[in-house]
1. Which order results if 43, 127 are arranged by neighbouring Cβ count within 10 Å, fewest first?
2. Cβ neighbours within 10 Å, averaged per peptide: list 82-94, 57-69 in order, most packed at the top.
3. So for region 27-182, if I pair up every lysine 8 or more residues apart or on another chain, how many of those pairs have alpha-carbons under 24 Å apart?
4. With charges set only on the Cβ (+1 for Lys and Arg, -1 for Asp and Glu), what does the dipole of region 27-182 come to about its Cα centre, in debye to the nearest 20?
5. Cut-off is 10 Å between beta-carbons; in what order do 72, 122 appear when sorted fewest neighbours first?
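Any read-out appearing in this document is the output of simple, stated calculations on the displayed coordinates, not a laboratory observation. Keep in mind that what you see is a predicted model, and the values were worked out from it rather than measured. FYI the Cβ positions are ideal-geometry reconstructions off the backbone, even for glycines, and counts take in every protein chain you see.
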Amino acid sequence: MYLRVLVVIHIFVLAVFATTGYTAELQGPYAKVRNKAILISASLTLDPQRAEEVRKGVNKEIIFYVDLFRVWEKWPDEFILGKKIHQTLQCDPVKNENLATSTVGNRVFQKRFSSCDELMDWALNLSNVELSDIKGLESAEYYIKVTVESRIRELPPFINLILFFVEETEFKLTEESPSFLLRTQ
């Protein structure tokens, strides 16, 4: 009896971990200072299974959190400011409509594409996103932290407390840039 239970549990564990062979990858972030502004670039590569889901019509919500931190030697690093970029990917293979919705702060952009691959290329790549004007920053060492998550569902807060075991995200990735010296004078 115990042997059967152990075999079933073992098969279940193997089946769960065997399907997670590919994962999404986050390249970057890369930071540069141009014209007194900090510009950030990063890109996300979906694993083949999730990319195929998008091509077949499953909507995806990808959220980029771009944060600027100041490096301190003897204290924890200081959060300076951040930007949230919310991308919604919608590919409809039947109607051949490919629509991306991007929300940055209070601004909402919608863009149509001729193919789903073009949509994913645009929505999953951040290119020269302006994070901050360097006027208000002190001369110091800084770095950029980018966190990307893919939302499955968003539960109301009170239900989330009760159903704490229900996942809200498919994946969550975090990468940091190399530190850079910022001279504001």
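1. Numbers: 43 17, 127 11.
Final ranking by Cβ density, sparse to dense: 127, 43.
2. Working: 82-94: 16.7, 57-69: 18.7.
Those peptides, ordered most packed to least, come out 57-69, 82-94.
3. Number of lysine pairs found: 29.
4. Working: 20 positive and 24 negative charges, 99 e Å.
Approximately 480 debye in magnitude.
5. Working: 72 11, 122 16.
Lowest to highest Cβ neighbour count: 72, 122.
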